[in-house]
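The values are calculated or read from the model by the stated rules, or taken from the named source; none is laboratory data. Values in this document were obtained by computation on a predicted structure and should not be read as measured data. Here Cβ is always computed from backbone atoms with ideal geometry, including for glycine, and neighbour counts include all displayed protein chains. Just the protein is used for accessible areas: all its heavy atoms, side chains included, with ligands, DNA and RNA removed. Shrake-Rupley method; radii C 1.70, N 1.55, O 1.52, S 1.80 Å.
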Amino acid sequence: LSTEERSSSITSLDTPQQEIDDFCYDEVNIAPSFSGGITKMVEWLYQNSELPNLVSDIPRYNEFTVQVVVKKDGTISNPQLIYSLNPKAGAEIIRVMPLMPKWKPGKVNGIGDVKCRYRFKIKLSNDI
């Protein structure tokens, strides 16, 4: 290979920094978290949404599985409802997730804070 050909092949192997920053991990060493944990997150949801009016008297209708992307800076994006028997409450959870305060981002050993997907369960109650 000529010097020019070697140079272009080396350049093509380099991964642009933006592409690395945009990569979304499915597995991390330390999971992202809402400050104070799930209990504080549910309190925040009740205080900042219409959920108190949407909670059912039937407990199984108040269980939700949600998936979000927690960005490197702790902001939430791409909320998805994975499981719900209460579509109105589920839609309200998804509506307010991106409005949450910043989370602690996920971490990968040797890299630090990373953008990652996170799936979790929420159980609502009439007692809050």
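Key figures
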| quantity | calculated |
| --- | --- |
| Subset of K72/K121; K40/K104; K72/K107; K40/K102; K71/K123 violating a 18 Å alpha-carbon distance limit | K72/K121; K71/K123 |
| At R0 = 30 Å, FRET efficiency that the Cβ-Cβ distance of S56 and K102 yields, to 0.05 | 0.50 |
| Computed lengthening from R95 to Q47, 0.36 nm per intervening residue step minus Cα-Cα distance | 15.9 nm |
| With every protein chain in place, region 81-128: carbon and sulfur % of accessible area (1.4 Å) | 52 percent |
| Sparse-neighbourhood loop sites, GluC sites (Glu not before Pro) in region 21-113 - DSSP loop, at most 10 other Cβ within 10 angstrom | E27 |
| Whole-angstrom gap from region 69-86 to region 105-126, using each part's C-alpha centre | 9 Å |
| Of the chymotrypsin sites (Phe, Trp or Tyr not before Pro) in region 38-128, those whose Cβ has at most 12 other Cβ within 10 Å and which sit in DSSP loop | none |
| Exposure rank, largest accessible area first [K115, K40; 1.4 Å] | K40, K115 |
| Kirkwood hydrodynamic radius of region 78-117, from inverse mean 1/r over distinct Cα pairs, in Å | 12.2 Å |
